[in-house]
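Undergrad: What follows is a structure written as structure tokens; I'll ask about it next.
The values are calculated or read from the model by the stated rules, or taken from the named source; none is laboratory data. Please read these numbers as outputs of a predicted model, since none were measured by experiment. Because the Cβ atoms are built from the backbone with ideal geometry, glycine has one as well, and the counts that use them run over all protein chains shown. Please note that ligands, DNA and RNA were not included when accessible areas were found on the heavy atoms of the full protein model with its side chains. Shrake-Rupley method; radii C 1.70, N 1.55, O 1.52, S 1.80 Å.
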Amino acid sequence: MTLGVLGMGGIGLHFAKMAHALPVKKIYYYNRSPKKDAPEWAQYVSSLDELLEKSDVLSVHCPLNERTVGLIGEAQLRKLKKGSIIINTARGKVIDEAALIKALEDGHLYAAGIDVYPDEPNVNPKLMEFRNVTLLPHMGTETEESQRSMEVRALQNLVDYFQSDSGKDLILEHRS
């Protein structure tokens with residue numbers, strides 16, 4: 001089985017590291033650019049199309065912005081191998097929900113795991129009809145430890161910003 005990771009930021013990298021412990025033949029990733037700190041077992045591919053064509057399982061971890069709304073639509077889903085699995089823990093609007101449902105209905109996709117929805121908190125009732133779709137609320141950070149860690153990190157970013165006009169977690173679009 002080959003895993004494709006779309007978006008190799010902190011969450012995508014963490015997911016890839018967890019998946020690496022499983023019997024995954026190869027892990028590919030696509031990002032804006034190759035990650036300098038990517039593990040040697042994670043292979044960068046130069047296009048989204050290449051990632052889709054190589055992946056048995058696609059896990060989506062990219063941010064939502066004007067370039068990523070509908071990033072995975074009908075054409076992209078059809079580039080995945082027949083029988084592929086898609087996981088979306090990024091943002092609901094990154095994947096065209098109607099195209100996803102169609103690909104599940106006609107069997108192109110074997111299964112889907114979703115914890116983000118285009119119209120959160122509402123879930124398309126059609127998705128609930130599939131036995132091969134796992135639906136969860138988006139709550140991966142809803143632990144006391146995670147909340148505390150995020151609070152400390154946010155405060156440290158504020159301190160860093162006021163002391164050095166920078167911060168560890170500035171998003172790419174806001175870096176100078």
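Undergrad: Give the longest segment of the chain that steers clear of GluC sites (Glu not before Pro) in DSSP loops with at most 16 neighbouring Cβ atoms within 10 Å, not counting the sites themselves.
TA: 67-141
Undergrad: Could I ask something else about it? So for MET8, MET150, what's the accessible-area order with a 1.4 Å probe, most first? Don't skip to the end; give the middle numbers.
TA: Details: MET8 0, MET150 85 Å².
If we order MET8, MET150 from most to least accessible, we get MET150, MET8.
Undergrad: Keeping every protein chain present and rolling a 1.4 Å probe, give me the accessible area per residue for the chain in Å².
TA: That works out to 62 Å² for each residue.
Undergrad: Could you tell me which residue out of PRO118, THR2, MET150 lies farthest along the dipole of the chain toward its positive end? Charges go on the beta carbon: Lys and Arg +1, Asp and Glu -1, centred on the Cα centre.
TA: THR2
Undergrad: Another one. Sequence-distant or interchain residues sharing an amide H contact under 5 Å with TYR29, placed H: which?
TA: HN-HN under 5 Å from TYR29: VAL5, GLN43, TYR44, VAL45.
Undergrad: For segment 1-144, with only Lys/Arg (+1) and Asp/Glu (-1) charged at the beta-carbon, what is the dipole magnitude about the Cα centre, in debye rounded to 20?
TA: In total the dipole reaches around 500 debye.
Undergrad: With the dipole of segment 1-131 worked out from charges on the C-beta (+1 for Lys and Arg, -1 for Asp and Glu) around the Cα centre, which of ALA19, VAL60, ILE95 lies farthest toward the positive end?
TA: The one lying farthest along the dipole's positive direction is ALA19.
Undergrad: Is the shape of the chain best called rounded, prolate or oblate, per the rule: a/c under 1.5 gives rounded, else a/b larger than b/c gives prolate, else oblate, with a ≥ b ≥ c the square roots of the Cα gyration tensor eigenvalues?
TA: prolate
Undergrad: Averaging sequence separations of C-alpha pairs under 8 Å and six or more residues apart, then dividing by the length of the chain, give the relative contact order as a whole percent.
TA: Relative contact order comes out at 15 percent.
Undergrad: Same structure again: Can you give the calculated 222 nm mean residue ellipticity of the chain, where each DSSP H run of n ≥ 4 adds -39,500 (n - 2.57) and the sum is split over every residue, rounded to the nearest 500 deg cm²/dmol? Walk me through the numbers before you get to the answer.
TA: Details: 5 runs with 54 residues, N = 176.
Value at 222 nm, helices only: -9000 deg cm²/dmol.
Undergrad: While we're on this one: Would you list, by chain and number, the aspartates and glutamates whose Cα falls below 13 Å from the Cα of LYS126, excluding same-chain residues fewer than 8 positions away?
TA: Output for LYS126: GLU97, GLU105.
Undergrad: Moving on to the next point. For the chain, give the percent of accessible area contributed by carbon and sulfur heavy atoms, probe 1.4 Å, rounded to a whole number.
TA: 55 percent
Undergrad: Which whole-number percent of Cα pairs in segment 52-95 have a distance greater than 14 Å?
TA: 45 percent
Undergrad: State, as an integer percentage, the relative contact order of segment 41-117 based on alpha-carbon contacts under 8 Å between residues 6 or more apart.
TA: Details: 124 pairs, mean separation 25.2, N = 77.
Reported relative contact order: 33 percent.
Undergrad: Ranked by accessible surface with a 1.4 Å probe, highest first, in what order do ASP106, ASP37 come?
TA: Largest accessible area first, the residues go ASP37, ASP106.
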